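For reference, the structure discussed in these notes is given below.
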Amino acid sequence: MASGGEGSRNLNKGKGPLQDLLEHQGDDVSYNDRLYHEFLQSQFGSDLPRSPNTPLIISDEPDPNLYDLDSNENLSTPQPPSNEFVAGEEEKPMKSDLFKLHMKKIQLDDGMIQIKCNYCSKIYRTNKSFGYGTYWNHIRKNHPSELVKTSNQSQISRYGTPTNQLFHYTSEKNKEELAVMVAVEHLPFSFGEKVGFVNYCQNALNPAMQRVPRSTLTRTMFSIYKKQKNKLKSFFYQFEGRVSVCADIWTDNFGSHHYMGVTCHYMDNDWVMQKRIIAFRVFDDSHTAQNIFRLLKIIFEEFHIQNKIFAIGFDNAASNTASIPMLQDLCNPYFGGKLFHQRCACHILNLCVQAGLQILSVYIKPIRDSINYIWRQNKLQKLWLKYCSQNGMRPIKFSRDISTRWNSTYKLLNESVVYKELLVSFITYNVPSISLQLKHWDICIKILELLRVFNDATNALSGIYYPTTHLFLIQSVNIAGAFSECELDVQLSECVAAMKKKWLQYYKEIPNIYLLASCFDPRFKLECLQDYLTHYYKSLDLEVDVLSYCNSIKALLYELYDEYLKIYGPSLNMPVSQHQPTSDSTGTSSTFKLKGLGDRLFSQRAKKLRTSSSSSSGSISELDRYLETSHEFLEDSEFSIQVWWKDHEQIFPILAIIAKQILGTPVSTVAVEQEFSAGGNILEPRRSVMCPQTLEAQACLDDWTKAKYRQQEIEAEIVNDFFEDDQTTGTEGSD
């Protein structure tokens, strides 16, 4: 014992009791207890918080007996390190953040407790003398980027707004977000292993970020895809409305597989147009009507929509048309399936233009050859740009004319017509082998105006975030008016005849769903329908009893209303309709100039100031009240048909249900073309052997993610597919 006392005296030279305790703890229990007791006395006097034999208890809450701060406010002795931080005016202990975010406690079999770092797995053994400062020092020194979680500064959410939630980095969240980014941006699954990407994340964003192997990223993407798919299936299972479906078949760029793309369109409870991809399924069977039906049946039943489909849109392939009767039996659509099958209007527009351009190519050839020659000669390109500047014109590189895409011809003519004098003089001097004269532009300007009508119609009918069915009649009158004007020109007559023949093959009678959709436009209704149809058939030189035609559409409208009233009326406590439609309420034909196209007619109608009025006394149906009530509207550009019906949903509840389903039906299959474009971007040459299931998961996840942010806009190159030579599978269907 004497040696122990001598050692004690030597140890205390130049060292405090705490250092002695740390260096000799465990050598002699009685010595440690005594030295620890002396240390507490030196710090707190006789008011000891606990005896040295009291067990040290590890917990998330501070020991109230350890430091009585209330009774020692004016102590001049050093205070223990503070484990608190200030957030605003409220003090909160940092210890909760320490064990919530950075470290965790591990209890061993012998009862001892260890502290483990969440980031580097370093182990600390608990010690009576250790405060939380040791652990915090480890985090500050080795993991400084993690301290942002305990900062008292306001955090910024992903939408740029302040939030009180602290950002917490986890490797699992990193993998999930990276998998979504790879799907949305069509990146390779090895992207998470790229040295440049990993270095960027570690040096600029978070040092804790680790590389994500492609196998891990693939599994993560499939996991997210399955979760999102199950949510979508659950949504459609509970969905009480009706949806419209578009389907088409696509062959990848390498001819390895065929795919069937299926998109679902509907209006939600807020009258917002929604679109979701529900399948991008490999389809290597022969493209017969039976096989098409079989695969669609599997997809519809998988998403619980087989009894909720209002209409389905196809292109003009004969096998697609042949599958419609089988799909009607499966889906049992409302209204006896009279509105069930819809042809893609943009494909038909393309067929019409292609038929005419084959005849007009001889007039366009000199202009096309001149610009293509400039494109092929770099020296000539520089001379042309300099020539434009010297003559006070903006230097321009004209769009290339792609023979298989008629809109490229339209763009070429539209850009070059302003430079026609410059172009003629430049080609005459530099390329005398090409005979380009100003007279070539006379016919091309007429061609340009004709193509402009089809270009505008294609763009208007390709939307996915706004209704398009009620716009079809307006665009049809525009096209019919263009036929009427251009067929009088000797140079264009043959071209117009070919286009007109193709148009009448499909739209000699405008599909009923488009005429009914016009009736559900409150600016249009039945009053304007007769005017439009009169101009339409007069422009096409067809003898049609427009009054009888309008009466049949009106009878169809009442029939549709009665069916929906029987289905939805009881739940709304509405009596069954007892009306008898009359034939004299369709209005008389107004005199409009034929030269004013459909959009002008519609604009004139919408600008009329009309006072509200209702039917005479007596009980009338909801449909009668709607048709007989007039409204005052602002300019066309400020009118939203969705907002109008949302505001009048309580006034016309049955009609609102019908309008939501008819207006929610897309006119074109552009959404499916967008899906195929995404598939083509994913299947680049280096990824041509991608598993079809992986391609479907990536394409669907891409669409579902963009849908959250309303980023499913149609890109220009996707709309271009509707200007291309028709390459649909099979042959054209007949009316």
State all residues of the range 358-369 that are in contact (Cβ under 8 Å) with a residue 60 or more places away in the chain and surrounded by fewer than 21 Cβ atoms within 10 Å (Cβ to Cβ); if no residue qualifies, say none. 358, 359, 363, 364, 366, 369
Could you list all residues from the range 425-442 that are under 10 Å from residue 367 (Cβ atoms) and at pLDDT 90 or above? 427
Contact list, first residue from the range 98-115 and among the aromatic types (Phe, Trp, Tyr), second anywhere and part of a strand (DSSP E or B), beta-carbon distance below 7 Å, six or more apart or interchain, is 99/105
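Residue 208 - would you say it is modelled with pLDDT of 90 or more and touching a helix residue (DSSP H, G or I) at 6+ places or on another chain (Cβ under 9 Å)?
Values: modelled with pLDDT of 90 or more: no; touching a helix residue (DSSP H, G or I) at 6+ places or on another chain (Cβ under 9 Å): yes.
The answer is no for residue 208.
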Residues in the range 422-430: is at least one under 42 Å from the mean Cα position of the chain (by Cα) and more than 15 Å from residue 369 (Cα to Cα)? no
Condition check for residue 453: within 41 Å of the chain's Cα centre (by Cα), outside the structural domain of residue 659 (by TED's automatic domain parsing) and either modelled with pLDDT of 90 or more or exposed (fewer than 13 other Cβ atoms within 10 Å of the Cβ) (or both): yes
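Please work out which residue is modelled with the lowest pLDDT, limiting yourself to the range 294-344 and to residues that are of a type in the set (Gly, Ala, Ser) and closer than 15 Å to residue 246 by Cβ. Step through it out loud before you land on a result.
As a first pass, look at the range 294-344 and keep what is of a type in the set (Gly, Ala, Ser): 311, 313, 317-319, 322-323, 336-337.
Within this subset, residues satisfying the condition of being closer than 15 Å to residue 246 by Cβ are 311, 313, 317, 323.
Values: 311: 94, 313: 92, 317: 83, 323: 94.
Among residues in the range 294-344 that are of a type in the set (Gly, Ala, Ser) and closer than 15 Å to residue 246 by Cβ, the one modelled with the lowest pLDDT is 317.
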So the check is Cβ under 9 Å with 6+ separation or different chains; which pairs have a first residue in the range 682-699 that's in a loop (DSSP other than H, G, I, E, B) and a second one that's modelled with pLDDT of 65 or more and of a type in the set (A, V, I, L, M)? 683/690; 683/695; 690/682
In the range 385-405, how many residues are of a type in the set (A, V, I, L, M, F, W, C) and farther than 15 Å from residue 367 by Cα? 4
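Please go through the range 541-558 and give me each residue that is in a helix (DSSP H, G or I) and either in contact (Cβ under 8 Å) with a residue 40 or more places away in the chain or of a type in the set (A, V, I, L, M, F, W, C) (or both), ordered by number. Working first, answer last.
Filtering the range 541-558 down to residues in a helix (DSSP H, G or I) leaves 546-558.
Within the range 541-558, 546, 547, 550, 553, 555, 556, 557, 558 meet the criteria.
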Sole residue being at pLDDT 90 or above and polar (S, T, N, Q), chosen from 171, 190: 190
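Would you be able to tell me the number of residues in the range 378-418 that are among the small types (Gly, Ala, Ser), part of a helix (DSSP H, G or I) and surrounded by 13 or more Cβ atoms within 10 Å (Cβ to Cβ)? Break it down into steps so the answer makes sense when it comes.
Applying the first criterion (among the small types (Gly, Ala, Ser)) to the range 378-418 yields 389, 392, 399, 403, 408, 416.
Next, only the ones that are part of a helix (DSSP H, G or I) stay: 389, 408, 416.
Filter once more, keeping what is surrounded by 13 or more Cβ atoms within 10 Å (Cβ to Cβ): 408, 416.
Count: 2.
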Candidate set from the range 281-332 (those that are assigned to a loop (DSSP other than H, G, I, E, B) and more than 29 Å from the chain's Cα centre (by Cα)); member that is surrounded by the fewest Cβ atoms within 10 Å (Cβ to Cβ): 286
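Please find, within the range 419-453, the residue that is nearest to residue 391 (Cα to Cα) out of those that are assigned to a helix (DSSP H, G or I) and free of Cβ contacts under 8 Å to residues at least 12 places away in the same chain. Spell out how you get there, then give the answer.
Start the filter on the range 419-453 by keeping residues that are assigned to a helix (DSSP H, G or I), which leaves 419-430, 439-453.
Now narrow it down to the ones that are free of Cβ contacts under 8 Å to residues at least 12 places away in the same chain: 425, 428-429, 439, 442.
Values: 425: 12, 428: 16, 429: 15, 439: 22, 442: 23 Å.
Only one residue fits best here, namely 425.
Table: residues versus (1) part of a loop (DSSP other than H, G, I, E, B); (2) in the same structural domain as residue 305 (by TED's automatic domain parsing); (3) touching a residue at least 12 places away in the same chain (Cβ under 8 Å); (4) closer than 30 Å to residue 567 by Cα.
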position: 218; (1), (2), (3), (4): no, no, yes, no
position: 234; (1), (2), (3), (4): no, no, no, yes
position: 246; (1), (2), (3), (4): no, yes, yes, yes
position: 249; (1), (2), (3), (4): no, yes, yes, no
position: 259; (1), (2), (3), (4): no, yes, yes, no
position: 263; (1), (2), (3), (4): no, yes, yes, yes
Which numbered condition trips up residue 519, out of (1) assigned by TED's automatic domain parsing to the domain that holds residue 651; (2) hydrophobic (A, V, I, L, M, F, W, C); (3) surrounded by fewer than 21 Cβ atoms within 10 Å (Cβ to Cβ)? (3)
Being of a type in the set (A, V, I, L, M) and surrounded by fewer than 22 Cβ atoms within 10 Å (Cβ to Cβ) narrows it down to one residue among 488, 533; which is it? 488
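I'd like to know if the range 241-251 contains one or more residues that are polar (S, T, N, Q), closer than 30 Å to residue 283 by Cβ and touching a strand residue (DSSP E or B) at 6+ places or on another chain (Cβ under 7 Å). I'd like the intermediate steps shown before the answer.
As a first pass, look at the range 241-251 and keep what is polar (S, T, N, Q): 244, 251.
Within this subset, residues satisfying the condition of being closer than 30 Å to residue 283 by Cβ are 244, 251.
Going one step further and asking which of them are touching a strand residue (DSSP E or B) at 6+ places or on another chain (Cβ under 7 Å), we end up with 244, 251.
Yes - at least one qualifying residue is present in the range 241-251.
Hey, does the range 367-377 have a residue that's in contact with an Asp or Glu (Cβ under 8 Å, 6 or more places away or on another chain) and among the aromatic types (Phe, Trp, Tyr)?
no
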Mind listing whichever residues of the range 230-256 are over 17 Å from the mean Cα position of the chain (by Cα), surrounded by 16 or more Cβ atoms within 10 Å (Cβ to Cβ) and more than 13 Å from residue 672 (Cα to Cα)? 236, 239, 242, 243, 252
Name the single residue, out of those in the range 121-136 being loosely packed, with under 12 Cβ neighbours inside 10 Å and either within 46 Å of the chain's Cα centre (by Cα) or at pLDDT below 85 (or both), that is nearest to residue 209 (Cα to Cα). 121
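Can you find even one residue in the range 461-468 that is part of a helix (DSSP H, G or I) and either of a type in the set (D, E, K, R) or crowded, with 18+ Cβ neighbours inside 10 Å (or both)? Outline the logic, then answer.
Narrowing the range 461-468 to residues part of a helix (DSSP H, G or I): none.
No, that holds for no residue.
The values are calculated or read from the model by the stated rules, or taken from the named source; none is laboratory data. Everything numeric here is computed off the predicted structure, so don't read it as measured data. Glycine also receives a Cβ, built like all others from the backbone with ideal geometry; neighbour counts cover every protein chain displayed.
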